[in-house]
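Structure first, commentary second.
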């Protein structure tokens, strides 16, 4: 019966998050809405001040949280991706016997899924679910977490270096991409910086410097909110953005004759200036733009 309750609450919580995602296509969920979750008439908050959260009627942790890190702020725990490619989540404190750590360990021993909430603003989170706790390192006071059930039973320590790198890429993609997209779309007020389209389901967060490059960090300053057409055009160097935020179109494309989409959607963008966040700290990094614009010029 106990195990049935653990599984039922998790399934209901994930379904609740699915419903919220349908209401927030940018992927950013306000904690006040997340915490409206109820199970069998009982309100069950999913995001609380504690990093590891176990409701009193459960035996295992239900959620984990990484706090929002704003200007001049730092995260309370140094969660990161380990050498084996898995997410590392720090203990509550340093005592392995702390109740929160025991609850996390219980989820690990029973193979129970959790939801992981990554803060991207005050009271705003991007949830990753389900995730699984698959290991523990007492010396470093941390748990290993996977975002992919296929890695649940994998002996990562036995993997060769290239395979570990592959696991790390998967983890970064699953973890960073939705968080990056939500942060960028929020900064641009859910609007394409070029054509002003306001449908978040049709918007992407474009990397200025590609992911995987030494300077391709998943930070707002390395992103631009584009509609899917302009994102694709930017990625393929059909359009370029100068450091002064003015758009250029590849000369060969400017002379093409096609339909209204090319004319109005691409060619008419020549000479336009991007509409960027009012917060200067969230605007595109000029140095990154300069590097990327050199690539555009070379491709033109």
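Computed from the coordinates by the stated procedures, all read-outs in this text should not be read as laboratory data. Source: prediction; values computed, not measured. Here Cβ is always computed from backbone atoms with ideal geometry, including for glycine, and neighbour counts include all displayed protein chains.
A few comments on the model shown:
- Cα-based shape type of the chain, given that a ≥ b ≥ c are square roots of the gyration tensor eigenvalues and the cut on a/c is 1.5: prolate
- Here the chain carries DSSP beta bridges of which approximately 90% are antiparallel, counting only pairs with both residues inside.
- Taking every C-alpha pair closer than 8 Å and separated by at least 6 residues, the mean separation divided by the residue count of the chain gives a relative contact order of 13 percent.
- Taking 252, 31, 141 in turn, the Gaussian network model of the chain (Cα-Cα springs below 10 Å) assigns the largest fluctuation to 252.
- Note on the chain: with a GNM built from Cα contacts shorter than 10 Å, the maximum mean-square fluctuation among 100, 258, 137 falls on 258.
- In nm, spacing of pseudo-spin labels at residue 297 and residue 149 (7 Å Cα→C-beta vector): 5.1
- Helix axis angle, 161-187 relative to the chain longest principal axis, alpha carbon, degrees: 70
- Between 0 and 90 degrees, the angle of helix 2-23 with respect to the longest Cα principal axis of the chain falls at about 20 degrees.
- In terms of its C-alpha gyration tensor, the range 39-138 has an oblate overall shape, because the principal axis ratio a/c (a ≥ b ≥ c, square roots of the eigenvalues) is not below 1.5 and a/b does not outweigh b/c.
- Residue-averaged [θ]222 nm for the chain, counting only DSSP H segments that reach four residues, each worth -39500 (n - 2.57): -9500 deg cm²/dmol
- Degrees, to the nearest 10: 99-109 long Cα axis against longest axis of the chain: 80
- Packing-based exposure ordering (other Cβ within 10 Å, fewest first) of 53, 132: 132, 53
- GNM remark for the chain: springs join alpha carbons under 10 Å apart, and the peak mean-square fluctuation among 56, 233, 103 falls on 56.
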